[in-house]
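First comes the structure, then the notes that go with it.
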Amino acid sequence: MSFHLIDLQTWERKEFYEHFTQEVICTYSTTVNLDITNLKNTRLYPTIIWLLTKTVNQMPEFRTALTNEGIGIYDEMHPAYTIFNKENKNFSGIWTEFNEDYHVFLHSYELDTAQYSSSVNFAPKPNRPLNTFDISMIPWFTFTSFNINVYDNGKYLLPIFTLGKYFDDNQKRLLPISIQVHHAVCDGYHIGIFVETLQKLIDQFHS
């Protein structure tokens, strides 16, 4: 893992960063429907986790974080995601190392979920890397909006993704996804590029 510090004095977002972290602390979210028709014959959750991570790793705005070292950009991110315990009706948060090869990632995902799916702990898999971002799925209902409130004095800059229950509409299968970001590092334009890139990867995916 490499973390590249940003020179705040020469950074083109300096004024925006300082405004949205010091004067008007501002995070926001938006919800869109992804066309996942091409994923009908795949295992949806690991596939969308892999596609989300692949997209995040293409966009530095979604890899920018504030650490003890300062503000910087991770060269690569790994997904941290929730799994559901069917016995006690609760969830755990685990992570899996990303791999550009989908089948290698899927194998690691299967090992992790098999090991921790019966856990009753909040975070049963140890040593979560700093360069991870959060994904959760709520497969019991669809939604048109979903918002998460992070109470950390406005310093958490990494994105958070929440997936809902997919639904079929006019011969398409759609998946609602809420994208939560910090305005200090990510504008609506960047979310637009992210969604466009993610949709292209979904359309091109083949297992």
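This table checks each residue for (1) in a strand (DSSP E or B); (2) in contact with a Phe, Trp or Tyr (Cβ under 6 Å, 6 or more places away or on another chain); (3) buried (at least 16 other Cβ atoms within 10 Å of the Cβ).
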{"residue": "Glu12", "(1), (2), (3)": "no, no, no"}
{"residue": "Thr30", "(1), (2), (3)": "yes, no, yes"}
{"residue": "Asn41", "(1), (2), (3)": "no, no, no"}
{"residue": "Ile48", "(1), (2), (3)": "no, no, yes"}
{"residue": "Thr53", "(1), (2), (3)": "no, yes, yes"}
{"residue": "Ile73", "(1), (2), (3)": "yes, no, yes"}
{"residue": "His103", "(1), (2), (3)": "no, no, no"}
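Taking the stretch 123-138, which residues are assigned to a loop (DSSP other than H, G, I, E, B), surrounded by 10 or more Cβ atoms within 10 Å (Cβ to Cβ) and free of Cβ contacts under 8 Å to residues at least 60 places away in the same chain?
Ala123, Pro124, Lys125, Arg128, Ile138
Would you check which residues across the stretch 14-28 are under 28 Å from Met137 (Cα atoms) and either surrounded by fewer than 16 Cβ atoms within 10 Å (Cβ to Cβ) or touching a helix residue (DSSP H, G or I) at 6+ places or on another chain (Cβ under 6 Å) (or both) and list them?
If the condition is that a residue be under 28 Å from Met137 (Cα atoms) and either surrounded by fewer than 16 Cβ atoms within 10 Å (Cβ to Cβ) or touching a helix residue (DSSP H, G or I) at 6+ places or on another chain (Cβ under 6 Å) (or both), then Ile25, Cys26, Tyr28 are the ones that fit.
Given the criterion part of a strand (DSSP E or B), surrounded by fewer than 13 Cβ atoms within 10 Å (Cβ to Cβ) and without any contact (Cβ under 8 Å) to a residue 60 or more places away in the chain, identify the matching residue among Asp152, Asp168.
None of the other options fit; the residue is Asp168.
Under the condition of being basic (Lys, Arg) and modelled with pLDDT of 95 or more, which residue from the stretch 89-139 is nearest to the chain's Cα centre (by Cα)?
Arg128
Out of all the residues in the stretch 76-101, which are acidic (Asp, Glu), surrounded by 13 or more Cβ atoms within 10 Å (Cβ to Cβ) and either over 20 Å from Arg63 (Cβ atoms) or touching a residue at least 60 places away in the same chain (Cβ under 8 Å) (or both)?
If the condition is that a residue be acidic (Asp, Glu), surrounded by 13 or more Cβ atoms within 10 Å (Cβ to Cβ) and either over 20 Å from Arg63 (Cβ atoms) or touching a residue at least 60 places away in the same chain (Cβ under 8 Å) (or both), then Glu76 is the only one that fits.
Out of the residues in the stretch 111-122 that are of a type outside the set (A, V, I, L, M) and in contact (Cβ under 8 Å) with a residue 24 or more places away in the chain, state the one that is surrounded by the fewest Cβ atoms within 10 Å (Cβ to Cβ).
Phe122
For the stretch 75-101, which residues satisfy the criterion of being within 22 Å of Ser2 (Cα to Cα) and not in a strand (DSSP E or B)?
Scanning the stretch 75-101 gives Asp75, Glu76, Met77, Thr96, Glu97, Phe98, Asn99, Glu100, Asp101.
Of Met59, Met1, which residue is at pLDDT below 95 and either of a type outside the set (Gly, Ala, Ser) or out of contact with any Asp or Glu (no Cβ under 8 Å at 6 or more places or on another chain) (or both)?
Just a single option satisfies the conditions, and that option is Met1.
The values are calculated or read from the model by the stated rules, or taken from the named source; none is laboratory data. This one's a predicted model, so the numbers in the text were calculated from it and none came from an experiment. Note that we place each Cβ from the backbone using ideal geometry, even for glycine, and neighbour counts take in every protein chain shown.
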